[in-house]
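Comments concern the structure below.
The values are calculated or read from the model by the stated rules, or taken from the named source; none is laboratory data. This is a predicted model, so every value here is computed, not measured. Don't worry about glycine lacking a Cβ; one is built from the backbone with ideal geometry, like all the others, and counts go over all protein chains shown.
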Amino acid sequence: MKKPVAGIAMGLITEGSADNPYERYAVLSDILGEEDHLGDMDFKVSGTEDGITGFQMDIKIAGVTTEIMTKALSQAKDARLHILNIMNKTISKPASSISKYAPKIESMKIDVDKIGALIGPGGKTVKGISALYGVTINTDDDGTVTIYGKTAAATEDAKRAVKGIVEDPEVGFIYNGTVKRIMDFGAFVEILPGKEGLCHISKFSRSKINAVSDVVKEGQQIPVKLLEIDKMGRLNLSYIDAIEEQEKK
């Protein structure tokens, strides 16, 4: 919300004859339940300091005159601005960001032909992601995936997991990978869920190193750049290229 919004409930009491049912009337501001029950009108008005954003009215009489409606709107404006003034003294401006502990909804589009891979056999894959991160995932036939999480972090983690399943690795992109296995000739790094690539020992430093374990450890998260996908679909990664590129930024 760019600006604070306040609302007020307006009421109406009328008295008169059959010929002039509105001979006497009173427009009430900020009515209570009893005034709503016994009164002739419940008129709710909400808005910002710039104007009305919404309204709703219930009446128990045949109608209201232009004069009554004008007075009700005028009183509602005065009341709304009074409430907003008090609110602004407490909260001078809207929060710049939503709390990381607030529930969050994320929506993304995937290729329709990837829906099956996301759902998995018997729903195993999508259920696994939901259980792991404590989120709810809905998938529509048009490829729209909606993720509902209790926190922003859970939602973002689940979104990354979904992307890992439905997105293909992109050459030239720098991934935040996890070192899975260290070998004499290099290390296998998972850049997306279920997608690993090899970072050769020569791609850990511009100078010669004796062992990959001198630079990284298993389970460590490191940036790696995807250099190529060979004819066999294997991913060739570089740690030093990713580091140098990040340092330039």
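Would you mind finding the one in T144, T125 that is under 25 Å from the mean Cα position of the chain (by Cα), closer than 28 Å to I105 by Cα, modelled with pLDDT of 95 or more and of a type outside the set (D, E, K, R)?
Numbers: T125 fails: modelled with pLDDT of 95 or more.
Just one listed residue meets the conditions, T144.
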For T146: the one exception among (1) surrounded by 18 or more Cβ atoms within 10 Å (Cβ to Cβ); (2) touching a strand residue (DSSP E or B) at 6+ places or on another chain (Cβ under 8 Å): (1)
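Okay, residues lined up against (1) under 25 Å from L118 (Cα atoms); (2) assigned by TED's automatic domain parsing to the domain that holds R160; (3) among the hydrophobic types (A, V, I, L, M, F, W, C); (4) within 38 Å of the chain's Cα centre (by Cα):
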{"site": "M183", "(1), (2), (3), (4)": "no, no, yes, no"}
{"site": "G186", "(1), (2), (3), (4)": "no, no, no, no"}
{"site": "E190", "(1), (2), (3), (4)": "yes, no, no, yes"}
{"site": "R234", "(1), (2), (3), (4)": "yes, no, no, yes"}
{"site": "A242", "(1), (2), (3), (4)": "no, no, yes, yes"}
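Please specify each residue of the range 52-84 satisfying the condition of being basic (K, R) and either outside the structural domain of T14 (by TED's automatic domain parsing) or within 41 Å of the chain's Cα centre (by Cα) (or both). Explain how you work it out, then say what you get.
Of the residues in the range 52-84, the ones basic (K, R) are 60, 71, 77, 80.
Of everything in the range 52-84, those that are basic (K, R) and either outside the structural domain of T14 (by TED's automatic domain parsing) or within 41 Å of the chain's Cα centre (by Cα) (or both) turn out to be K71, K77, R80.
Every residue in the range 202-230 that is of a type in the set (A, V, I, L, M) and outside any strand (DSSP E or B), please.
Pass one, the range 202-230, residues of a type in the set (A, V, I, L, M): 209, 211-212, 215-216, 222, 224, 226-227, 229.
Correct list: I209, A211, V212, V215, V216.
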